[in-house]
Every structure is written in C-alpha cells, then in structure tokens.
Amino acid sequence: MQHPIRSLHHVTATVDDAQQDLDFCLDVLGLRLVKKTVNFDNHNVYHFYYGDETGTPGTIWTTFPYKGWNVPIGTKGVGQVGVTSFSVPEGSLPFWRSRLAAHGITAADAPARCGEPALVFPDPSGLIIELVAAADARAPWTHGGVPEAHAIRGLHSVAMTIDSPKPTVALLERLLGCAVVDESDGRIRLAVNGDRPGHRIDILYGTGGEPARNGIGTVHHVALAISSPDEQRRLRQELIDYGCRVTEVRDRCYFESIYFREPGGVLIEVATMQPGFTLDEPAGELGRALKLPPWEEPKRKAIEEGLPGVST
C-alpha cells in the first residue's frame, strides 16, 4: 500500500481576542495572513490562516478567536497537541530571544532534541509555542518585518500528549506512513515522507497529566496533508476498517477534510493540498478581505456586523 500523507498541513488553535491574535502572529512572528474567513461551523467567529506567501501546506497556523462567546480557558493535558513548534534558521535563536523580549514575551531555552536547540514561550492566549533552529530549505514570507535570515520557515513539528504510545504509533505507522526516527525518555518522534521540518510528530507519554479539555489557549486539532481527494477517500475507508470513527468529507473551500481521533484521543484532520488559498483571491491580495464560503454569502451583511472590527 502506498502511504498518502505528504506532510503536516496545518495546526488549529482556540484563542481569545482576534486583534491580539493578529498582532502576535503578524507583528511578532512575522507570518502572513493568507486568509481571513469565518469558522465554517460557527460563522459568528473568525478563522484566521497564517503561513508563508501562499499558505503552503506545512506552513499553516490557524486560529479561532472566541472572545465574547463564554468559551472557558482550556485544559492542557492528555489527548491533545500540547506544543506547536515552528522552524527558524540555524543560529537565529538569539535574534528571536531579543525580538520576543522587545514585545514583552519571555522565552526560555527548551531541551535540544536531535541536536536542534529551541526557545519556548506562550502566545497571548496561553498556547505553548516553540521556535526550533533547524536546517530548512523552505522559503519564508519576507514581508512580515522579520529579516529573511531569521524568518519562520513553517511548522517544524507538533507534540501530542497521550497516555499509552503503542496504539498511536501503530496507527501512524500502518495507515499514515509515519516512521519512528528518534526515541528518548517519554518521547517518540515520528516523521512522514522524510525526516525534516514540517513532517514530524512527537508523542509525549508518561506525563501523568489530566485529560485535556478544549478551550481558550489549547490546540483544537492537527491536520495532515494528502495529495488528492481520491487518496483521502481511500484512507477514510482504511481508517474505518481499522476501527476509527471518521467524519464524512467536509468542504473547507481551500481543501477538503476528514476528521478522526487517534487512539490517544488527539483530533486529527486529513486535508487535501488543493485547491489552495488563491481559489478566491489573487496571491498578492491574500488575507486582505473577509472571504466567505459560497453558502454564507447571502448572510454577509449580518455576518460582518456580528464580527469584531480588526485591523491588519
């Protein structure tokens, strides 16, 4: 069987204030806003997509800002992505430490893994973010206020916290084509389609943590990239045959998605790589206008009036 997963696709988190989130991702991290739309399951809430110039799968970080909707602060714990790591060039961590400090953010040294040093710090909503200094040939977004020599290249990896690693590793290996590339106390690193930034999933186990609960300051899901709708549908059936409960294919306009929970409880999305974010606006104008799915266009006026005003 050919394993169809190509890389990470995106990571999606629940955050607090929309403007605060934009300021952090654009002005601090230097990412590009590649799409300003709404949560397709709740059109009263924004869905921001950040990434490289065109939102290449593997560079995308997305957020749902839920301020004002009585969403509680989430619980970080077992059954959840606890850390999202971004890849920055080797030797750039001193720059990032200074940049973060200038914005009032204190970063700490994270333990080096596989010879790659890292900084760890919270975002404004309490999410745990890492910047990992790694060899990474991907081109960065160069108009975000961060010099090209230090700019974020994309996602580096995610760290999933679970109780027992064996069932999770088995599923990732057998159905998704992942391979174990490193092991240490309480951590297993898997990679898919090559061991490089944007292709890695770390499993943390034996933490003794409490069960996770989604809410402000937690990751909602991690998405993996698949080449085509046909491969996605084949994988969906294989997951069902394996015993997973899998959603129907959902139209997200910029990709099609299925969702399932792996044995440790983490919500995983499998998203197609096409048609991409230039579907409804040219590359030079990405993120400037509020884009709605066609079925929401008749409600545009009411949706716009219900969303908080933001500036990008």
| note | Residue pairs within 7 Å by beta carbon, gap of at least six or interchain, first lying in segment 222-244 and within 14 Å of residue 192 (Cα to Cα), second part of a helix (DSSP H, G or I) and open to solvent by less than 10 Å² (accessible area, probe 1.4 Å), listed first then second, are 226/232; 226/235
| query | Filter segment 240-267 for residues that are touching a strand residue (DSSP E or B) at 6+ places or on another chain (Cβ under 6 Å), in a strand (DSSP E or B) and not hydroxyl-bearing (Ser, Thr, Tyr); which is most open to solvent (accessible area, probe 1.4 Å)? | reply | 261
| request: Please list, ordered by first then second residue, the pairs with beta carbon atoms under 8 Å, 6 or more apart or interchain, first in segment 294-308 and within 18 Å of residue 18 (Cβ to Cβ), second in a loop (DSSP other than H, G, I, E, B) and small (Gly, Ala, Ser). | output: 308/68
| note | Note on residue 55: of the conditions (1) free of Cβ contacts under 8 Å to residues at least 60 places away in the same chain; (2) within 15 Å of the chain's Cα centre (by Cα), unmet is (1)
| request: Please work out which one of (1) open to solvent by 20 Å² or more (accessible area, probe 1.4 Å); (2) not in a strand (DSSP E or B) is the condition residue 235 fails and give its number. | output: (1)
| task | Please tell me if residue 63 is crowded, with 23+ Cβ neighbours inside 10 Å, closer than 23 Å to residue 275 by Cβ and among the polar types (S, T, N, Q). | result | yes
| task | For segment 1-42, name all the residues that are more than 20 Å from residue 159 (Cα to Cα), among the β-branched types (Val, Ile, Thr) and within 15 Å of the chain's Cα centre (by Cα). | result | 34
| remark: The residue from 203, 188 that alone is in contact (Cβ under 8 Å) with a residue 40 or more places away in the chain and over 28 Å from residue 38 (Cβ atoms) is 203
| Taking only pairs six or more apart or across chains, which ones have beta-carbon atoms under 6 Å, a first residue in segment 107-127 that is hydrophobic (A, V, I, L, M, F, W, C), and a second residue that is assigned to a loop (DSSP other than H, G, I, E, B)? | 119/107; 121/105; 121/107; 127/217
| Looking at segment 299-311, which of its residues are of a type in the set (Val, Ile, Thr) and not in a helix (DSSP H, G or I)? | 310
| said: If residue 99 satisfies all but one of (1) part of a loop (DSSP other than H, G, I, E, B); (2) surrounded by fewer than 22 Cβ atoms within 10 Å (Cβ to Cβ), what's the number of the condition it fails? | reply: (1)
| note | Reported set for segment 268-298 where residues are in a loop (DSSP other than H, G, I, E, B), charged (D, E, K, R) and either within 30 Å of residue 77 (Cα to Cα) or open to solvent by 70 Å² or more (accessible area, probe 1.4 Å) (or both) is 288
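The values are calculated or read from the model by the stated rules, or taken from the named source; none is laboratory data. This is a predicted model, so every value here is computed, not measured. Cβ: placed from backbone, ideal geometry, glycine included. Neighbour counts: every protein chain shown. For accessibility, only protein heavy atoms count, side chains too; no ligands or nucleic acids. Shrake-Rupley method; radii C 1.70, N 1.55, O 1.52, S 1.80 Å.
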